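Written below as structure tokens is the structure these notes are about.
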Amino acid sequence: ARRWASAQAMQGAGFLVVIGMGLGYHIQSLLETSSLRHLVVIEPHHDLFIASMTARDQTKLLSNPRFDLQVTPNPKAAAAWLAAKYRRQLLTQPSIAVWPATSRYAGSFVTSFQKEILDHLRFTRTNVATHSKFSTQWVDNFFANAESSVEDPGIRSFLPVFQGRPGLIVSAGPSLEKNVHLLSSAKGRAVILAAGSAINPLRKHGIEPDLLVSYDPSEANF
């Protein structure tokens, strides 16, 4: 446990996520390293966690202010909890280690968790980049459109127009080119609602949507 903890400490991460608590010897060794400011442990087996509580007095470990623990067999829930609670740390210094025994008794959990947390980080980074690029423009656009927004009749005016007709929401993607020809037979019988990026493929096939919905502040989109 000490050798493994020393190898992790050599990475120099101040924030570390460990998958697998075991009996806690490696966790205690990690907390004794001076470079580690915060340690999060995710244990995928409730029974193993209870066994560790039975085998050892974990009071010192659980009361450590630098330590946090999540016990769940659900990798998606574990990743969501971690991303919500430690988003800033994961974005600035993501460091995840797997206790070797965990790969043997919960290999599928480890694989799924790593994929889920990577998806969370990608999504968050995309959001941060989007807000960084458009935040000022969003405010400018809001005030530029304020007057026309007040006078606009709003979405309620459409409620009686399409009553009793099914709706088709068309978005851009690989399947659109494959199935777009089917939409021509639906024109006039169903409400065709296009997301902004789907308008060009539809028009290329001579299909005029009933509604276009776009939420993009850029000049190019306008």
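The figures follow:
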| item | result |
| --- | --- |
| Probe 1.4 Å, protein heavy atoms only - accessible area per residue of the chain in square angstrom | 64 Å² |
| Hydrodynamic radius of segment 86-207 per Kirkwood, over alpha carbon pairs, in Å | 19.8 Å |
| Among T130, P217, A186 - extreme Cα towards positive end, dipole of the chain, charges at beta-carbon | T130 |
| For the chain: lysine pairs under 26 Å (alpha-carbon distance), excluding those fewer than 8 apart on one chain | 8 |
| Prolate/oblate/rounded call for segment 12-111, Cα gyration tensor, a/c under 1.5 rounded | oblate |
| Cα-centre dipole for the chain with unit charges at Cβ (Lys and Arg positive, Asp and Glu negative), debye to 20 | 720 debye |
| Under-5 Å amide H pairs with V18, H placed in peptide plane, nonlocal only | V40, V41, I42, A97 |
| Positive dipole terminus of segment 1-97, leading residue within Q8, A78, M21 (C-beta point charges) | Q8 |
| Given the chain, longest segment not containing exposed loop GluC sites (Glu not before Pro) (DSSP; at most 13 other Cβ within 10 Å) | 33-218 |
| Leading residue at positive end of dipole, the chain (Cβ point charges), from A144, G154, H205 | H205 |
| Cβ-based net charge around G164, under 15 Å, with every Lys or Arg adding one and every Asp or Glu removing one | +1 |
| Mean separation of Cα contacts under 8 Å, 6 or more apart, over the residue count of segment 94-205: relative contact order % | 21 percent |
| Segment 59-196, accessible surface, carbon-and-sulfur percent (1.4 angstrom probe) | 59 percent |
| Relative contact order (%) - criterion: Cα under 8 Å, at least six apart; region: the chain | 15 percent |
| Environment charge of M53, counting only residues whose C-beta is closer than 12 Å and scoring Lys/Arg +1, Asp/Glu -1 | -2 |
| Matching label, semi-axes √(5λ) of the Cα gyration tensor in Å computed from the structure shown, candidates [x] 24, 21, 14; [y] 52, 22, 16; [z] 30, 27, 16 | [y] |
| Distant-in-sequence amide H partners of L168 (H built 1.01 Å from N, under 5 Å) | V191, I192, L193 |
| Exposure ranking of Y215, Y25, Y105, Y86 by accessible area [1.4 Å probe, largest first] | Y215, Y25, Y105, Y86 |
| Using θ = phi - 60° and Karplus 6.51 cos²θ - 1.76 cosθ + 1.60, couplings along segment 14-23 (whole Hz; Gly, Pro as x) | x, 10, 9, 10, 10, 9, x, 9, x, 8 |
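The values are calculated or read from the model by the stated rules, or taken from the named source; none is laboratory data. The shown structure was predicted, so the numbers you read here are calculated from the model rather than taken from an experiment. Counting neighbours? That spans all protein chains shown, and the Cβs are built from the backbone with ideal geometry, glycine included. Quick note on the areas: whole protein, heavy atoms, side chains included, nothing else; ligands and nucleic acids left out. Shrake-Rupley method; radii C 1.70, N 1.55, O 1.52, S 1.80 Å.
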